[in-house]
Structure formats: structure tokens, C-alpha cells
1. Please identify every one of the chymotrypsin sites (Phe, Trp or Tyr not before Pro) in the chain that sits in a loop by DSSP and has no more than 16 other beta carbons within 10 Å of its own beta carbon.
2. Using unit Cβ charges (K, R positive; D, E negative) and no other charged atoms, how large, in debye to the nearest 20, is the dipole of the chain about its Cα centre?
3. Based on DSSP H assignment, which helices of the chain show an axial Cα extent of at least 30 Å together with a mean Kyte-Doolittle hydropathy greater than or equal to 1.6?
4. Pick out, in residue order, every one of the trypsin sites (Lys or Arg not before Pro) in region 14-77 that is DSSP loop and has at most 16 other C-beta atoms within 10 Å; say none if there are none.
5. Per residue, how large is the accessible surface of the chain? Use a 1.4 angstrom probe and give square angstrom.
6. When the helices in the chain are scored as -39500 (n - 2.57) per DSSP H run of 4 or longer and the sum is shared across all residues, what 222 nm value do you end up with, to the nearest 500 deg cm²/dmol?
7. In the chain, what percent of the accessible surface is made up of carbon and sulfur (1.4 Å probe, ligands and nucleic acids excluded)?
Amino acid sequence: MLYCIRHPYEPLYKVGFTCNVARRMAEYKSHGMLVKPLIVRQGSRADEKRVHAALAPARAYGEWFRCSREAVQLAMQ
């Protein structure tokens, strides 16, 4: 599954891949990040890489992007 979250303190979005979205959200919580998925859709690691490539000009660091929610939605279609 592909998912997108918004950073709780900064205007950043993260696109990731996981087999268990609920577990992944709990992992963020254990790091002090209370987040919930904004977008969840079927996808593979290859799809995640494609989305990251589409958002590359907006990369802040790692898998975090400084862009609009609409940009993430378009990239994840």
C-alpha cells in the first residue's frame, strides 16, 4: 500500500510504502508524530519510487516533500 501523511509541525508531506498502514501509523506515534494517513491506495515499492521521482523537485529530505497536497495527489494517481 502507498500512503501519504502530513508532517505534524512542518508543511511537509511524506509518501511511503507499507504492507500494514495501521501498524505504520502506530510506529510514527511511537516517535512522537501523531499522524493519520491523508491518502492510501494500492501500490508497490516500484510505485513509491515513481511517486518520489515525480515529486523530486520538491524534495525537502529523504521521503519528505515540500509541496501542496494536490501535487501529492496527482503524483499518487
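1. On the way: sites: TYR3, TYR9, TYR13, PHE17, TYR28, TYR61, TRP64, PHE65; in loops: TYR9.
Those satisfying the criteria are TYR9.
2. On the way: 13 positive and 6 negative charges, 19 e Å.
Dipole size: approximately 100 debye.
3. Details: long enough: none.
Long hydrophobic helices here: none detected.
4. Details: sites: LYS14, ARG23, ARG24, LYS29, ARG41, ARG45, LYS49, ARG50, ARG59, ARG66, ARG69; in loops: ARG66.
Passing sites in region 14-77 are ARG66.
5. Numbers: 4560 Å² over 77 residues.
Result: 59 Å² per residue.
6. Details: 3 runs with 28 residues, N = 77.
So the helix-based figure for the chain works out to -10500 deg cm²/dmol.
7. Numbers: 2530 of 4560 Å².
Of the solvent-accessible surface of the chain, carbon and sulfur hold 55 percent.
The values are calculated or read from the model by the stated rules, or taken from the named source; none is laboratory data. The structure displayed is predicted, hence computed values, not measured ones. For neighbour counting, all protein chains shown are included, and Cβ atoms are generated from backbone atoms with ideal geometry for every residue, glycine included. Ligands, DNA and RNA are stripped out before the accessible areas are found, and what is left, the full protein with its side chains, is counted by its heavy atoms. Shrake-Rupley method; radii C 1.70, N 1.55, O 1.52, S 1.80 Å.
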